[in-house]
1. Mind sorting Lys283, Lys413, Lys222 by how few other Cβ atoms lie within 10 Å of their own Cβ, fewest first?
2. Is there a quick way to get the dipole size of the stretch 9-106? I mean about its Cα centre, with the Cβ of Lys and Arg at +1 and of Asp and Glu at -1; what is the value in debye to the nearest 20?
3. Would you mind getting the Kirkwood hydrodynamic radius of the stretch 9-106 from its Cα pairs, rounded to one decimal in Å?
4. What whole number of Å gives the distance from the Cα centroid of the stretch 84-154 to the Cα centroid of the stretch 276-346?
5. Computed over the Cα atoms of the stretch 163-257, what is the ratio Rg over Rh, Rh following Kirkwood?
6. Which entries of Lys170/Lys205; Lys20/Lys304; Lys129/Lys406; Lys97/Lys249; Lys24/Lys126; Lys136/Lys160 have Cα-Cα distances beyond 31 Å here?
7. Work out the charge dipole of the stretch 122-427 with +1 on the Cβ of Lys and Arg and -1 on the Cβ of Asp and Glu about the Cα centre, then indicate which of Val202, Asn139, Thr259 is farthest towards its positive end.
8. Could you point to the residue in Leu229, Thr344, Gln400 farthest towards the positive end of the chain's charge dipole, with +1 and -1 charges on the Cβ of Lys/Arg and Asp/Glu respectively?
Amino acid sequence: MKRIAMIDIKLIRENSEIVKENCKNRGYDEKLVNTIIQLDKEWRDLKKIDDDLRSERNAVSEKINLAKKQGEKAEDLIKKAKEIPEKLVKNEEKENKLRQEIDALLSSLPNIQKEDVPIGDGTKNKIVKESGKILKIKNAKTHLELGEKLDILDIKRATKISGAGFYILKGKGAKLQRALIQFMLDSHEKNGFLEINPPQLVNRKTAFGTGNLPKFEDQLYKTNDDMMLIPTAEVPVTNIYSDEVLAEKELPKRFCAFTECYRTEAGRRAGEEGLFRLHQFEKVEMVYICKPEESWQMLEEMTKNAEKILEMLEIPYRRLLLATADAGFASAKTYDLEVFAPGTGRWLETSSCSNCTDFQARRMNTKYQSKEGIKFVHTLNGSGLALPRIMIALMENNQQEDGSIKIPKALWKYTGFKEINTSEKKAGEKKSDKKNKN
């Protein structure tokens, strides 16, 4: 049976205190490590017994053959030769069962975080950068108020069609989001990314590879044949090279992908109206696959790529270094980018850029051939960017006193218009009324 690697078992055997401390810092049960150590010892002891039995079986077979050649009796040897396979079958069953138990526990351990990550929960997140001026808008309206007044956002009818956690964009609202998607993809392409259009349904093995299973199964939508709707393009794109060995010269790889994203949002809270905690939303994702010595530099590069888009959109933002207990399961270090929405009065996460080191690569079995031998790659992922939060910030930061919304200059060639105003809604209503009269 092939062993699935997650956290390197050698690290637990040789430096268990590091893994225990990491679990403690991240809010996981550190006692799991002790259980793994005990089960691993039992497994290794049993494996040694089985290896010895196999050696003994081979030695007995040779003795039997020799006895027959020399015309000697071999009844006792033949009896022993029959007993050894019976013992092996029983032991191998125990051995495989132990291995499955160990792998199940290993799969529940989070990635080891980098030394410079703050220890604690979300209150310990560290602001490392702030950019743009926070606007003080008199009587600022929320994106929901603006969207309904301009008739570009309809939550009520989306709820009628699908339930809470869905939305409808109309007219210039829909065009604005489509413009943002193309603008982001074009920006990433200019920065050397290859665009991917991946499957949006994946199997369990793929979801396991990125760390979504088994821990986050309750957050995934599943089909009746046990396929998963993707929560982000990270899942299929990162898995493109699962069970493969890449050539060193192929690295690094930079991918971007636009997809729908589907999440159950099991912890969805009441009172978050509008484009918050959606069950279906759009996102442009960045994925890097690289050599281990490149990954920390790549994390900075990835985060700056996302920041550049926010700067071109003229949206005020800040970069946070997430604390140990607030970062994602597969992450060794995560930067969150938050945009400010003056109508909502909140900082909103619109991107998480994470270095997952070799954590996902071990689960996916993705390696590369280096001069020193075959090694696991490092993987990184980051939103570039999530559309709903960008739409919120863009609408609320660019609202005018008359209720219209100015479009950032960077989007003009994509939208074909420079503002969204109420006169268009009125014109549309008059045209509709005239048509009805006829």
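Just so you know, all these numbers are worked out from the coordinates, no wet-lab data involved. Owing to the predicted nature of the structure, the values given are computational and were not obtained by experimental measurement. Please note: Cβ atoms are built from the backbone with ideal geometry, for glycine as well, and neighbour counts cover all protein chains shown.
1. In increasing order of surrounding Cβ atoms, one gets Lys413, Lys222, Lys283.
2. Taking the Cα centre of the stretch 9-106 as origin, the dipole is about 260 debye.
3. About 16.1 Å for the stretch 9-106.
4. 13 Å
5. 1.04
6. Among Lys170/Lys205; Lys20/Lys304; Lys129/Lys406; Lys97/Lys249; Lys24/Lys126; Lys136/Lys160, the Cα-Cα distance tops 31 Å for Lys170/Lys205; Lys20/Lys304; Lys97/Lys249; Lys136/Lys160.
7. Highest projection toward the positive end goes to Asn139.
8. Gln400
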